[in-house]
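Working notes for the structure below.
Nothing in this text is a laboratory measurement; each read-out follows from the coordinates by a stated rule. Values in this document were obtained by computation on a predicted structure and should not be read as measured data. Cβ placement follows ideal geometry from the backbone for every residue including glycine, while neighbour counts extend to all protein chains displayed.
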Amino acid sequence: MKKKKLVLSFPENRVTKPITYKLVKEFDLEFNILRAEITPDVEGRMLIELKGTDEKIAGAVSYLESSGIRVQEAAR
């Protein structure tokens, strides 16, 4: 299993959507929320660490980006 830290930036129309739920259910990933700043109906930023296979992490990143969430790899 691989671990990857990502910074997710949510636009206002995605803040209230069940994004982390989908990461678990559809991509079978473990995640740890390291930091989050979420303002409902405004914006959100979240630092998460994903744990899973390279293929599942890549699929999750593609899903997030196609959902309008900006994804950046966290600096190490």
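As a test of understanding, state the convex hull volume per residue of the chain from its alpha carbons, in Å³.
76 Å³
Please give the Cα centre distance for segment 58-76 versus segment 1-28, rounded to the nearest Å.
For segment 58-76 versus segment 1-28, the Cα centre distance is 8 Å.
Against the longest principal axis of the chain, how steep is helix 54-66, in degrees 0 to 90 to the nearest 10, with axes from Cα atoms?
With both axes taken from Cα atoms, the answer is about 20 degrees.
Quick check on the chain: helices-only [θ] at 222 nm, where DSSP H runs of length 4 and up contribute -39,500 (n - 2.57) each and the sum goes over total residues. Nearest 500, please.
-7500 deg cm²/dmol
So if I place +1 on the C-beta of Lys and Arg and -1 on the C-beta of Asp and Glu, and nothing else carries charge, what would the dipole magnitude of the chain be about its Cα centre? I want it in debye, nearest 20.
Roughly 240 debye for the chain.
Ratio of segment 33-76's C-alpha Rg to 2.2 N^0.38 Å, to two decimals?
Taking N as the residue count of segment 33-76, the ratio is 1.25.
Excluding residue 8 itself, calculate the net charge of residues whose Cβ lies under 9 Å from the Cβ of residue 8, where each Lys or Arg counts +1 and each Asp or Glu counts -1.
+2
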